[in-house]
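Encoded as structure tokens, the structure appears first; notes follow it.
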Amino acid sequence: MKKSIFSIIVILSCGFMFAGCTKTGTPTIEPSMSATIASYTFNADYIEPRLQKSQIADTGTTLIMDGYERSSGDKIEITVTKYTGNPGTYSIVQGQASAYYLHNGVKYQATGGIVAIKDASTNVISGYFNFTSTSGVTILNGNYVCGKPWVY
């Protein structure tokens, strides 16, 4: 009898302990990337953000965000060169940013447009982008939210 009461107390204590581990008030990051391409809406299933440091010269850190759409195999990659971790608007024409859209194995490289970072908080990077490719494909109303990458 004493053994079963002790077991019940242990089980209840564990239940209360694990119930106290739930996070409240801290939203989780819901990564997303979308854009309008003619009459098609690109919606990434997942985003891969990463930081890259050049080892050849001290050119700073580059932020790269890849959005992948599983059903079509399409990809949008947006890049901010000399990323400082702060919000800002970066010009593709001036070489501050770059972008491309990959569709059916064809890479549409951006020749003009912008990549903007609205928020670069502790855990999240979010912003928007618009660009036109070499062949005239226009990517409009692009936006993204993803977790902040680490430098490896």
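The values are calculated or read from the model by the stated rules, or taken from the named source; none is laboratory data. Since this is a predicted model, take the numbers as computed values, not measurements. Cβ atoms come from the backbone with ideal geometry, glycine included; neighbour counts cover every protein chain shown. Heads up: the accessible areas ignore ligands, DNA and RNA and are worked out on the full protein's heavy atoms, side chains in. Shrake-Rupley method; radii C 1.70, N 1.55, O 1.52, S 1.80 Å.
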Q: Would you mention how many residues in the range 67-87 are in contact (Cβ under 8 Å) with a residue 40 or more places away in the chain and surrounded by fewer than 17 Cβ atoms within 10 Å (Cβ to Cβ)?
A: 1
Q | Answer from THR61, THR122 - the residue that is open to solvent by less than 50 Å² (accessible area, probe 1.4 Å) and closer than 24 Å to ILE29 by Cβ | A | THR61
Q) For the range 125-152, what are the residues that are under 17 Å from GLU30 (Cβ atoms) and aromatic (Phe, Trp, Tyr)? A) TYR128, TYR144
Q. THR81: modelled with pLDDT of 95 or more, of a type in the set (Val, Ile, Thr) and touching a strand residue (DSSP E or B) at 6+ places or on another chain (Cβ under 7 Å), yes or no?
A. no
Q: Examine the range 136-152 for a residue that is within 17 Å of THR61 (Cβ to Cβ), part of a strand (DSSP E or B) and of a type outside the set (Ser, Thr, Tyr), and state whether such a residue exists.
A: yes
Q | Matching option when the condition is under 15 Å from ALA35 (Cβ atoms), in contact with a strand residue (DSSP E or B) (Cβ under 8 Å, 6 or more places away or on another chain) and either surrounded by fewer than 18 Cβ atoms within 10 Å (Cβ to Cβ) or at pLDDT 95 or above (or both), among TYR90, TYR100 | A | TYR100
